[in-house]
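The block underneath contains the structure these notes are about, expressed in structure tokens.
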Amino acid sequence: PPRPASAPPPPGTLASQPAMAAAMLLRRLPAARPPLMAATRLISDSTAPLTIETSMPFTAHIVDPPSRDVATTPAELVAFFHDMSLMRRMEIAADSLYKAKLIRGFCHLYDGQEAVCAGMEAAITRKDSIITAYRDHCIFLSRGGDLVTAFAELMGRQVGCSRGKGGSMHFYKKDANFYGGHGIVGAQVPLGCGLAFAQKYRKEDTVSFSLYGDGAANQGQLFEALNISALWKLPAILVCENNHYGMGTAEWRAAKSPSYYKRGDYVPGLKVI
Amino acid sequence: SASAAARSVRVARSGAAVRPGGRLVACAAVATKADAPASEAASKSEGHEVLLFEALREGLMEEMQADPTVCVFGEDVGHYGGSYKVTKGLADMFGDLRVLDTPIAENSFTGMGVGAGMKGLRPVVEGMNMGFLLLAYNQISNNCGMLHYTSGGQFKIPLVIRGPGGVGRQLGAEHSQRLESYFQSIPGLQMVACSTPYNAKGLMKAAIRSENPVVLFEHVLLYNLKEKIPDEEYTLCLEEAEMVRPGEHVTILTYSRMRYHVMQAAKTLVNKGYDPEVIDIRSLKPFDLHTIGNSIKKTHRVLIVEECMRTGGIGASLRSAIIDNFWDYLDAPIMCLSSQDVPTPYAATLEDATVVQPAQIVAAVEQICQ
């Protein structure tokens, strides 16, 4: 029951408004549900192989497109759904926290793009490297990060993944080869090609994924890094997550050619969706 | 302190450098001339004579031999041998994967160096001219300088960024820049400036071994300085200043090429009866306030002579640091001689007018010591 405004706060509780707002917010969020039982009709955890045809054909640039048939299992699909739902809920919660001014500065959300990192993780290992720009919360999760560490970082706490010193745009997880988390659009792509260089230098037999958006696709340093990577034959894969907006400007007003998969010119490209 | 004295090289009157214990180690560097007489001291000492760019190469080569993660990124560093020959022969020795010829793409190859550093390599990134690294300013500032912090300490970036800068001989405005003043504010970055073959090799090795990102400033006009350096391996402390000439009347703080203008002025000053103490600060960030402070406590007068611009230069920061720390020891206002706040002109007479000349240094000391 609400305490009268004139009463002193009980010992050990915070009297500040934001803390109370946070507490009320947490009470409103539904508790995590226990996993559904295997006997339920609607959801299967079977590990029997299953082949699914992707909804759209791939469009390829100077390479043969992969098969549209993907081998998976019901259990794996459920896991994808679980992970992606978790990511979605996390991002919406972060949105609410941001509007409540408990997350400050910038907060770039990945809701709608969850399938990209979920699908990537299914095909690679933690020895491969991933680097992205500032829309990094869910990739941190998919690389093995946990919710508490993520939210702690968003709210500037010491137990955050960057000890509260980075914030939303600077999530990293070195032990999982997740290299962040970068604020300046496009700057992560040369870094990512540098990771690929180190992989080749050390003969690690792994690859580096440099994620960027349709906005960053127009950055010169991306083409520079692509050229060097192609010249030196680096194990670098550049992944364009096209959400059709570069900051606030629509794609068609910023890019002469929206065929980002072709922009590598001499570098093979694939349009996934 | 005693350890600082033991490490810094005292310069005796003859111009030869003497370590405590009397063993002659190196002579003061002189510009290479066909008819330059070898000093008596030089012919008797051990060690080998090198030009400054060769000293840099020796340091780099030794570190590449000792540590397989050290690699070099830069334009023309490999097959061409380096535009100032600092990397000459290294591609043959270490191969194309360790000495990498990059396209002309400073922003991206600097970023790639940072990425490689994040993953455990130790790249040495060369800017063909330091001025070109302005194109990589974002990578140097946000990624190289700050990633250690923004990742909460997860990543270290043990990069060395090096290259020639400073005002040359009529190279034009865009090739005569002094980037130390632009970079000095970047948090997380360490900066050193070499000025002799001896300190060039020592600083190069120390910079490569450092876990911090270090910018090593070389000067276009100093690459052909000749000096005898030790045969045995040595490194220098990155954060330490170098006592060039002990004195009593005034502390002259300088670095890089201006060290030679100061020493030229010192000859005139000595003839006029002054006794200047000359310190090559070497460490541009952080300043060696220990050595500098001890000097100010002795002389009570400070002149800073630098090649970077007056506005926002190293001298401006140094002046502030001295005022903050040693105000009570000063008997006169700190004077700072810097280059003019103009683009460096092409014409030789105009170019000379924009940088500090020995005559100005002499006049400044006379004014301070009034």
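The values are calculated or read from the model by the stated rules, or taken from the named source; none is laboratory data. Because the structure is a prediction, the values reported are computed rather than measured. Every residue, glycine as well, gets a Cβ built from its backbone with ideal geometry; the counts of neighbours run over all protein chains shown.
Annotation note: Cβ proximity below 8 Å between a residue of the range B:255-279 that is aromatic (Phe, Trp, Tyr) and a residue that is modelled with pLDDT of 95 or more and exposed (fewer than 15 other Cβ atoms within 10 Å of the Cβ) (sequence gap 6+ or interchain) occurs for B:Tyr274/B:Glu366.
The single condition from (1) assigned by the TED database to the domain that holds B:Met61; (2) without any contact (Cβ under 8 Å) to a residue 40 or more places away in the chain that B:Thr235 fails is (1).
Within the range B:161-174, the residues that satisfy the criterion of being surrounded by 19 or more Cβ atoms within 10 Å (Cβ to Cβ) and on the phi > 0 side of the Ramachandran plot are B:Gly163, B:Gly166.
Residues that are in contact with a Gly (Cβ under 9 Å, 6 or more places away or on another chain), free of Cβ contacts under 8 Å to residues at least 60 places away in the same chain and outside any strand (DSSP E or B) within the range B:59-82 comprise B:Met61, B:Thr69, B:Glu75, B:Asp76, B:Gly81, B:Gly82, listed in sequence order. Within the span defined as the range B:146-160, one or more residues are more than 14 Å from chain A (Cβ to nearest Cβ) and either surrounded by 24 or more Cβ atoms within 10 Å (Cβ to Cβ) or closer than 22 Å to B:Met64 by Cα (or both). Against the test of being more than 10 Å from chain B (Cβ to nearest Cβ) and not aliphatic (A, V, I, L, M), the options A:Arg143, A:Arg202, A:Arg163 yield a single qualifying residue, A:Arg143. Is it true that B:Ala91 is surrounded by 18 or more Cβ atoms within 10 Å (Cβ to Cβ), without any contact (Cβ under 8 Å) to a residue 40 or more places away in the chain and more than 9 Å from chain A (Cβ to nearest Cβ)? Yes.
Residues checked against (1) closer than 23 Å to B:Thr354 by Cβ; (2) surrounded by fewer than 21 Cβ atoms within 10 Å (Cβ to Cβ); (3) aliphatic (A, V, I, L, M); (4) more than 11 Å from the chain's Cα centre (by Cα):
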| residue | (1), (2), (3), (4) |
| --- | --- |
| B:Glu180 | yes, no, no, no |
| B:Gln184 | yes, yes, no, yes |
| B:Met204 | no, no, yes, no |
| B:Glu211 | no, yes, no, yes |
| B:Lys228 | no, no, no, yes |
| B:Arg245 | no, no, no, yes |
| B:Thr251 | no, no, no, yes |
| B:Tyr260 | yes, no, no, yes |
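Filtered by the rule that a residue be closer than 20 Å to A:Asp83 by Cα, without any contact (Cβ under 8 Å) to a residue 24 or more places away in the chain and surrounded by fewer than 21 Cβ atoms within 10 Å (Cβ to Cβ), the range A:143-166 gives A:Asp146, A:Val148, A:Thr149, A:Ala152.
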